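Q: If you scroll down you'll find the structure; I have some questions about it.
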Amino acid sequence: MIKVVSYSLCMLLASISYVSAQQTAIYSHDLKEFDRAIALYKDKQYQSAQILFDKVQSQATNQEVQADCAYYIANCAIRLNQVGADAMIEKFVADYPTSTKQNQAYIEVAHYYFDQGSYPQALQWFDKANTDSMSAADKEKYNFQKGYAYFTAKNNKEATKFFNQVVNSPTYGSQAKYYLGYMSYETDDYNSANQYFDQVQDKDKYKEKMGYFQADMNFKLGNFQKAIDLGLEQLPKSNAEEKSELSKIIGESYFNLNQYEKALPYLQAYKGKKGKWNNTDFYQLGYTYYKQNDFENAIAQFNKIIDGKDHVAQNAYYHLGECYLKTDKKQQALNAFKTASEMSFEKKIQEDAYLNYAKLSYEIGNPYQSVPSVLNGYLDKYPNSPFKQEINNLLIDSYISSKNYKEALVLLEKNKAPENRLAYQKVTFYRGLELYTDGNFQEAYALFKKSIAENKDAKFSARATFWKAETEYNLDQYNEAMLSFKQFLNLNEASTTPEFKNVHYNLGYSYFKLKEYENAIKHFSDYIAVGKDDKVRLTDAYLRLGDCNFISAKYWPAMDAYNKTIELKSVNSDYAAYQKGISYGFVGRNDRKIEDLEKFAVTYPKSQYADDALYELGNTYVNENNEQKAVATYDKLIATYKTSSYVAKTILKQGLIYYNNNKSEPALGKFKKVAAEFPNSPESLEAVATARLIYVDTGRVEEYADWVKTLSFVEVSDSELDNTMYESAEKQYLMNNAKQAISGFSSYLAKFPNGLHALKSNFYLAQLYFADGLESNAVKHYEFVVGKSRSEFTEQSLARLSQIHLKAKDYTKAVPMLKRLETEADFPQNKTYAQSNLMKAYYEQEDFNNAEMYATIVLANTKVDDRIKSDAQIIVARSAIKTNNEAKAKLAYAELLKIAKGELAAEALYYDAYFKNKEGKFEASNTAVQKIAKDYSGYKFFGAKGLVLMAKNFYGLKDSFQATYILESVIKNFTEFPEVVQEAQTELDFIKTEEAKRNSSITN
């Protein structure tokens, strides 16, 4: 059938055809530009492509073209990292919800970020995509990449889920199995890891990495030989980091197989994690050296383990102790065993370490706690130890051998078991000696009595008796001392003691102090007969023998003894020469007396007795009626020794010579000089009395009265009452009725404050108050005496005032008194006392220059004993330290070390160690510190400071364990010395910071 189309329909079709043709032309133009943009996009010219897509989109009328342009514009923005690119993708999806490229947009962006390695961003876009319409290939790619992105985020659960979806994929299966195996390896699921790795073993891409993992897994599974085989196979193919890790696996595997020689090079080749080892690494290398008897290298590794708190550290410290013992480093071994004994991870090691620690403490001393307390601690903790008897024996002996008598005494006082009584007797004796050396005589005395009371060892009973006598002597209990020395002499064991050789010398002095000179002569003579080896005591014994004979009016024997003193060139030769000269006068040999005294002035011009000699020489000339020479000698004394106590007497003597020769005016001149310059002195009173005779004889009584009115110390009208009141008080004083004497002198001074006897009354009253312990009451009376002109009481008053102010630590008042005493003292011991205390007072006032000056003066005095020399040396040394003159301090402490005892010896040893540390002589410095610990453990301050030095020495010797252990022990055990603890903490922090740079086990 032929169909016919109407005109109107044709016209409509024509019209549609025209419009369609027109649109096709435009669309074709858009596609051309669009295709150009696509080509640029594919060529990765994203900027140009984006511009062209933007142009096409703006001109296109077709919604699909517009949607595609929006898709590509956003994709270009993503690839160009433009701000707001993510929002452009989201806008594309929102503006064109029906676009077929919506899901593709998410996937493309996700793939782009994945390819860039931006896995967190890739995951965000993968999560937006829908996999329903994806092809199988696209879905595999999606699952693998998303799984890998989760893998990099360490989200193993999600990664495993997506990897499992492609595990059989020809494209991604091997990679997925590799990563699944790796995740199993990371979570210690080695069986699964091995299964996965076995399935990709033939893939060269992963083989190298898997070789390392499989070696490590076998190591961790305890398959050490297989780990070694795999590791050795993998080693040549590995980079530097992997070689380090594989060396560790191989070395530790050999280590676990006890093949230490083979382990060594591989353990050495390990570089650590991020360049750091941990305590286990150091232990294994150290133990490898230890098993090959290379103890020095073992120590070098073990001692890097610090802050260890596990079974590895306990083992390391125990073996470190053994290595130290093998290399004869017992102090270091002590610390290592102590540390191991404080850990309970392995009980047998703990007990054995404690045993070694206890034995070493006994052998070399313990700087942290007393040796007896260490041994007691072991017995308390291990009462059933097979070594119980051995430790018990050491414990009893340790009370003596440790030399820490103070702490030993505390322990023994708590445990007075019968088996400890002998140790108690010895410890009380030795602690008494320490206190005696430190000048603590009262406490020493009590301990010597306790030692005697035990009476377990006759020899120690004898020695304690001797030192009890010595202490009594130093407490001015001379009668008790004499009886105790005689008791010692009668003991059977006395002759076997080191003290026996000095007993007659000491008895001689006891009798001398008791003024029993005949007995003193006997004992000094007995000592001289046997005391040939001690020149100092021998010469002193001759000197005292001379004095005893002199006092007993046995002048010829006295002169013989004095001559022996001079022959022996004693430091007291000047005194002996003076006494010998005086003695000639008493045997009627004034010619020889004059000769000796004149010779004395030439031989000993700077002697303390030079003024005495001149005074006696002048008196002898008077006795020989050679008044001209007498006056000339007196003039020489006055001119040369202006501060001498003889000046007043000498001027008075000259006045009397003139008076006896009827030379009234010269005599009056001398008497008035005495009264004016030495008011209230006995000489001034005699001068006034003799001057009165001259005035009466010459009829010049009114002139005398006018003169006397100018003298404050003469109250003529009340002289009888003055004398009566004074004599009453003096009588009580001489009868030793102290209370009545104080009352009498006080009454006298209230009535006659400037009376004839005011000087004596003030002095005697001061002496009474001082003896009664009322030192503050005595001060004003001593001050009255020293405020007057020089008298026979001045020197002792200055000494007493100095003593009182020093005791009160009032150095401002003490120094002026000491300065005067130094200048005015006639007795050498008072001058020495003044100088030695001036150096101490200036030091306390931080006047180090004057302190050093006086210390130098004291040291130059050959007559001072070692105790005072020690004081002087310590002042020089401490002053030098305070003024940063370390060179001078070093010399002073070295000299001190030769003579010091007790705490001063501990201080000198500390500085010996200190200077050796500064010079880098670490071993020698440690030796000095060890001597403090062993011989002066009772002086804890210097023990603690010495330990800090020892820690620095060990760190200088590259022994970090010793350094940190010692510092931690100081911090723990010496809290009573906060400044030392702070120094230890600062040093410990520094060392740990340094060690943490190489040891990852250390935490600050």
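Q: Mind checking which residues of segment 520-538 are surrounded by fewer than 22 Cβ atoms within 10 Å (Cβ to Cβ) and either in contact with a helix residue (DSSP H, G or I) (Cβ under 7 Å, 6 or more places away or on another chain) or over 18 Å from S573 (Cα atoms) (or both)?
A: Scanning segment 520-538 gives K522, S525, D526, I528, A529, V530, G531, K532, D533, R537, L538.
Q: Return the pair list, or none, for Cβ contacts closer than 9 Å from residues in segment 873-896 that are closer than 11 Å to Y843 by Cβ to residues that are assigned to a helix (DSSP H, G or I) and β-branched (V, I, T), at least 6 apart or on different chains.
A: I875/V858; V876/T856
Q: Quick one: in segment 317-331, of everything that is part of a helix (DSSP H, G or I) and basic (K, R), which residue is farthest from the chain's Cα centre (by Cα)?
A: The extreme case among them is K326.
Q: Could you go through segment 842-861 and let me know if any residue there is modelled with pLDDT under 80 and under 27 Å from the mean Cα position of the chain (by Cα).
A: No, because not a single residue in segment 842-861 is modelled with pLDDT under 80 and under 27 Å from the mean Cα position of the chain (by Cα).
Q: Answer yes if at least one residue in segment 386-401 is closer than 25 Å to T437 by Cβ and surrounded by 21 or more Cβ atoms within 10 Å (Cβ to Cβ), and no otherwise.
A: yes
Conditions (1) among the aromatic types (F, W, Y); (2) surrounded by fewer than 15 Cβ atoms within 10 Å (Cβ to Cβ); (3) within 22 Å of S791 (Cα to Cα), marked per residue:
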position: A613; (1), (2), (3): no, no, yes
position: N626; (1), (2), (3): no, no, no
position: Y634; (1), (2), (3): yes, no, yes
position: A639; (1), (2), (3): no, yes, yes
position: K653; (1), (2), (3): no, no, yes
position: Y658; (1), (2), (3): yes, no, no
position: L668; (1), (2), (3): no, no, yes
position: K673; (1), (2), (3): no, no, yes
position: E702; (1), (2), (3): no, yes, no
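Q: I would also like to ask the following. Cβ-Cβ distance below 7 Å, separation of 6 or more or different chains: which pairs start in segment 425-452 with a residue that is in contact (Cβ under 8 Å) with a residue 40 or more places away in the chain and end on one that is surrounded by 15 or more Cβ atoms within 10 Å (Cβ to Cβ)?
A: Between residues of segment 425-452 that are in contact (Cβ under 8 Å) with a residue 40 or more places away in the chain and residues that are surrounded by 15 or more Cβ atoms within 10 Å (Cβ to Cβ), the close pairs are E434/Y405; E434/G902; E434/G938; T437/K901; T437/G902; D438/G902; D438/E903.
Q: Tell me yes or no: at least one residue of segment 337-347 is buried (at least 17 other Cβ atoms within 10 Å of the Cβ), without any contact (Cβ under 8 Å) to a residue 24 or more places away in the chain and either of a type in the set (F, W, Y) or closer than 22 Å to L267 by Cα (or both).
A: Checked segment 337-347: at least one residue is buried (at least 17 other Cβ atoms within 10 Å of the Cβ), without any contact (Cβ under 8 Å) to a residue 24 or more places away in the chain and either of a type in the set (F, W, Y) or closer than 22 Å to L267 by Cα (or both).
Q: Quick check, is S925 among the small types (G, A, S), in contact (Cβ under 8 Å) with a residue 40 or more places away in the chain, farther than 27 Å from V864 by Cβ and surrounded by 19 or more Cβ atoms within 10 Å (Cβ to Cβ)?
A: Taking the combined requirement at face value, the residue does not satisfy it.
Q: Would you mind stating whether Y290 is modelled with pLDDT of 90 or more and surrounded by 22 or more Cβ atoms within 10 Å (Cβ to Cβ)?
A: So Y290 passes the test.
Q: Identify, by number, the condition in (1) part of a helix (DSSP H, G or I); (2) more than 12 Å from the chain's Cα centre (by Cα) that Y910 doesn't meet.
A: For Y910, the failing item is (2).
Q: Checking the condition farther than 21 Å from L320 by Cα and either buried (at least 24 other Cβ atoms within 10 Å of the Cβ) or acidic (D, E) (or both), which residue from D959, D989 passes?
A: Checking each option against the conditions leaves just D989.
Q: Okay, moving on. Name every residue in segment 80-116 that is among the basic types (K, R) and out of contact with any helix residue (DSSP H, G or I) (no Cβ under 6 Å at 6 or more places or on another chain), in order of residue number.
A: Within segment 80-116, just K91 meets the criteria.
Q: Quick check on this structure: which one of Q314, Q292 is more than 18 Å from K958 (Cα to Cα) and over 30 Å from the mean Cα position of the chain (by Cα)?
A: The conditions single out Q292.
Q: Which members of segment 651-679 meet the condition of being over 17 Å from D635 (Cβ atoms) and of a type in the set (G, A, S)?
A: Within segment 651-679, S664, A675, A676 qualify.
Q: Here's another thing I want to ask about it. For K468, all conditions in the list (1) crowded, with 18+ Cβ neighbours inside 10 Å; (2) basic (K, R); (3) on the phi > 0 side of the Ramachandran plot hold save one; what is the number of the exception?
A: Every condition holds for K468 apart from (3).
Q: Need a quick list: helices (runs of 4 or more DSSP H) entirely within segment 921-1004 having at least 3 residues that are at pLDDT below 90.
A: Of the helices (runs of 4 or more DSSP H) lying wholly inside segment 921-1004, those with at least 3 residues that are at pLDDT below 90 span 922-935, 960-973, 978-995.
Q: Check D534 against each of (1) under 47 Å from the mean Cα position of the chain (by Cα); (2) within 26 Å of T620 (Cα to Cα); (3) not β-branched (V, I, T) and name the one condition it does not meet.
A: (2) is the only condition that D534 fails.
Q: Shifting gears a bit: Give the residue that is nearest to L768 (Cα to Cα), with candidates limited to residues of segment 712-734 that are in contact with a helix residue (DSSP H, G or I) (Cβ under 6 Å, 6 or more places away or on another chain) and at pLDDT 70 or above.
A: The selected residue is Y733.
Q: State which residue is nearest to the chain's Cα centre (by Cα) when the search covers only segment 239-272 and only residues that are over 23 Å from T187 (Cα atoms) and of a type in the set (S, T, Y).
A: Y270
Q: Go over the candidates L123, L80 one by one and state the one that is without any contact (Cβ under 8 Å) to a residue 40 or more places away in the chain and either within 60 Å of the chain's Cα centre (by Cα) or more than 30 Å from P170 (Cβ to Cβ) (or both).
A: Within the list L123, L80, the selection yields L80.
Q: With the structure loaded, tell me whether F92 is touching a Ser or Thr at 6+ places or on another chain (Cβ under 8 Å), within 30 Å of Q145 (Cα to Cα) and at pLDDT 80 or above or whether it fails that test.
A: yes
The values are calculated or read from the model by the stated rules, or taken from the named source; none is laboratory data. Being a predicted model, the structure only gives us computed values, none of them experimental. All Cβ positions, even for glycine, are placed from backbone atoms using ideal geometry, and neighbour counts span all protein chains on display.
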